[in-house]
1. Could you list, ordered by first residue, the pairs with Cβ atoms under 6 Å in which the first is in the range 98-118 and touching a residue at least 12 places away in the same chain (Cβ under 8 Å) and over 16 Å from residue 129 (Cβ atoms) and the second is of a type outside the set (Lys, Arg) and open to solvent by 50 Å² or more (accessible area, probe 1.4 Å), at least 6 apart or interchain?
2. Check residue 17 against each of (1) surrounded by fewer than 19 Cβ atoms within 10 Å (Cβ to Cβ); (2) under 22 Å from residue 91 (Cα atoms) and name the one condition it does not meet.
3. Between residues in the range 31-58 that are on the phi < 0 side of the Ramachandran plot and residues that are exposed (fewer than 13 other Cβ atoms within 10 Å of the Cβ) and not small (Gly, Ala, Ser), which pairs lie under 6 Å by C-beta distance while being six or more apart or on different chains?
4. Just to be sure before I move on: is residue 92 in contact (Cβ under 8 Å) with a residue 40 or more places away in the chain, at negative phi and part of a helix (DSSP H, G or I) in the structure I sent?
5. Could you tell me whether the range 121-135 includes any residue that is of a type outside the set (Ser, Thr, Tyr) and modelled with pLDDT of 90 or more?
6. Yes or no: residue 96 surrounded by 13 or more Cβ atoms within 10 Å (Cβ to Cβ) and not hydrophobic (A, V, I, L, M, F, W, C)?
7. Considering only the range 62-84, state which residues are open to solvent by less than 80 Å² (accessible area, probe 1.4 Å) and either modelled with pLDDT under 80 or over 19 Å from residue 10 (Cβ atoms) (or both).
8. Does residue 102 count as open to solvent by 20 Å² or more (accessible area, probe 1.4 Å) and either under 16 Å from residue 113 (Cβ atoms) or modelled with pLDDT under 90 (or both)?
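The values are calculated or read from the model by the stated rules, or taken from the named source; none is laboratory data. Computed from a prediction, not measured in an experiment: that's the story for all the values here. So basically every Cβ, Gly included, is an ideal-geometry build from the backbone, and we count neighbours across all protein chains shown. We work out accessible area using only protein heavy atoms, side chains counted, and drop any ligands, DNA or RNA first. Shrake-Rupley method; radii C 1.70, N 1.55, O 1.52, S 1.80 Å.
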Amino acid sequence: MNTKKVCCLYISTYHLFTIILPYINGKMNDGKEIELILQKDLSSDIERYVKSVKNLGIDTERILKLDWKNRNKVLEKNENKIYVIVGDENFILNYEKVLIENEIESELLGCYKMNNNLEISKVLLSHDYLLTTKRKKEIAKFSQNEQKRRTIKSQL
């Protein structure tokens, strides 16, 4: 199975949109379908964001046509889709698990709101990539031995 797990960490809804909208727009331009699985309704927030931020460089009409209302079920399982899951940690983990168990080979983008009880290292270690405002970066996962070797090499 070749499911790619991507995560993004955000501090506010506007920060979330700043991170994911260019990414979603690019994937839509590549012919991918986007399915949003949202714990809370973001429809009014996305409309306000698109109206207030100038020069977004995205197709706002297509972005606004996505269903930004809260929906907690997968509509259609499809390998040409990118599933964007926004909610608390348990909500995201539950949907990632459901999609992976159904052997859907696609990309899952879990969007985690930063708060005091979010274990960032745990989130990063359970994903393959981190999406930031600049780009999608591969998350390097090293064993403790590999980390010790790298530290020793850097000190020589």
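1. Short answer, once both residue conditions are applied: 103/1; 114/11.
2. Answer for residue 17: the failing condition is (1).
3. Going by the 6 Å Cβ cut-off, the qualifying pairs are 33/80; 41/69; 43/69.
4. Numbers: in contact (Cβ under 8 Å) with a residue 40 or more places away in the chain: no; at negative phi: yes; part of a helix (DSSP H, G or I): yes.
Criteria not met by residue 92.
5. Filtering the range 121-135 down to residues of a type outside the set (Ser, Thr, Tyr) leaves 122-125, 127-128, 130-131, 134-135.
With the extra rule that they be modelled with pLDDT of 90 or more, the set shrinks to 130-131.
Checking the range 121-135: at least one residue is of a type outside the set (Ser, Thr, Tyr) and modelled with pLDDT of 90 or more.
6. Values: surrounded by 13 or more Cβ atoms within 10 Å (Cβ to Cβ): yes; not hydrophobic (A, V, I, L, M, F, W, C): yes.
Yes: the conditions hold for residue 96.
7. Here is the first cut: in the range 62-84, the ones open to solvent by less than 80 Å² (accessible area, probe 1.4 Å) are 62-64, 66-68, 71, 74, 78, 80-84.
Within the range 62-84, 62, 64, 67, 71, 74, 78, 80, 81 qualify.
8. Details: open to solvent by 20 Å² or more (accessible area, probe 1.4 Å): yes; either under 16 Å from residue 113 (Cβ atoms) or modelled with pLDDT under 90 (or both): yes.
Yes; evaluated as a whole, the condition is true for this residue.
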